[in-house]
Amino acid sequence: MITLGFLLLLAGAALVVAEAHVPGGVLGGAGGLALIAGGVLVIAALGGGAVIAVPVAVALGLGAGAWALVAARTAGTARRTRVRAGAEGLCGRIGVVRAWDEPAGQVFVDGALWRARLDWSPPEAEALHEGDAVVVERVSGLTLCVRRADDWELTA
């Protein structure tokens, strides 16, 4: 029984650690149950009674459950955060026109000078000029597709 208890304790610890790398809650829950069962078996096999086994099992289960909860919440937060790198991270950013010669020019966004072209503009809209604020709509290769920034975007 002692061997089975120790195997359950090791398996439970491994499952809780695996939960940190593959979050979802299932591995952490199974690891918590294995830790509880292993703790009860080891204590019972060593001659301990229920007075010792139950509090130890509850402590092991609460520790494993807390670990699984923290890992799942951290992973959920990471999934919801906005991408801040690469082409996807530039979309929605505000830049400044440095040079513009229809239909394209150069804009300064996030500390770098990029080639840019107008994504879309109404026919009556005036051309972009140096110093105008623009918003990146999408990235096409190494060229940004931009539009003129609205007033509300500049104050936000």
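Values in this text are rule-based calculations from the coordinates and carry no lab data. Keep in mind that what you see is a predicted model, and the values were worked out from it rather than measured. Glycine also receives a Cβ, built like all others from the backbone with ideal geometry; neighbour counts cover every protein chain displayed.
Length gain on complete extension for the stretch T143 to A20, per 0.36 nm per residue less the alpha carbon to alpha carbon distance?
Details: separation 123, 0.36 × 123 = 44.28 nm, distance 3.88 nm.
Residue separation times 0.36 nm, minus the Cα-Cα distance, leaves 40.4 nm.
Full extension of the segment from V56 to R115, taken as 0.36 nm per residue of separation minus the current Cα-Cα distance, would add 14.9 nm. Between T74 and L7, the FRET efficiency from the beta-carbon distance, with R0 = 30 Å, is close to 0.55. Checking [x] 61, 43, 28; [y] 87, 29, 24; [z] 38, 36, 28 against Cα extents along the principal axes in Å calculated from these atoms, the matching label is [y]. Under 13 Å from a point placed 7 Å out from the Cα of A45 along the Cα-to-Cβ direction: which residues of region 1-19 have their backbone N that close? So the set is 1-11. Considering helices alone, the calculated mean residue ellipticity of the chain at 222 nm is -17500 deg cm²/dmol, with DSSP H runs of length four and up weighted by -39500 (n - 2.57) and normalised per residue.
Using DSSP to define loop residues, name the GluC sites (Glu not before Pro) in region 51-142 whose beta-carbon has at most 10 other beta-carbon atoms within 10 Å.
Working: sites: E88, E124, E126, E130, E137; in loops: E124, E126, E130.
Within region 51-142, the qualifying GluC sites (Glu not before Pro) (loop, at most 10 other Cβ atoms within 10 Å) are E124, E126.
Using the Cβ atoms and a cut-off under 9 Å, what net charge is assigned to the surroundings of L128, where Lys and Arg are +1 and Asp and Glu are -1?
Numbers: positive: R148; negative: E102, E126, E130, D132.
Once all neighbours under 9 Å are counted, the net charge is -3.
In percent, how large is the relative contact order of the chain, given Cα pairs closer than 8 Å and 6 or more residues apart?
Details: 248 pairs, mean separation 25.2, N = 156.
About 16 percent, as a whole number.
Candidates G95, W152, V56 compared by Cα position along the dipole of region 56-156: farthest toward the positive end lies V56, with charges placed on Cβ.
First select every other residue whose beta carbon is under 15 angstrom from the beta carbon of W100; then total the charges, Lys and Arg +1, Asp and Glu -1. Walk me through the numbers on the way to the answer.
Values: positive: R98, R115, R117, R147, R148; negative: D101, E102, D119, E126, E130, D132.
My count for the surroundings of W100 gives -1.
The angle between the Cα long axis of helix 26-45 and the main principal axis of the chain comes to about 20°, on a 0 to 90 degree scale. Charging the Cβ of each Asp and Glu at -1 and of each Lys and Arg at +1, and nothing else, the dipole of region 36-156 about its Cα centre rounds to 900 debye. Helix 2-21 sits at what angle to the longest principal axis of the chain, using alpha carbons and giving 0 to 90 degrees rounded to 10? Roughly 10 degrees between the two axes.
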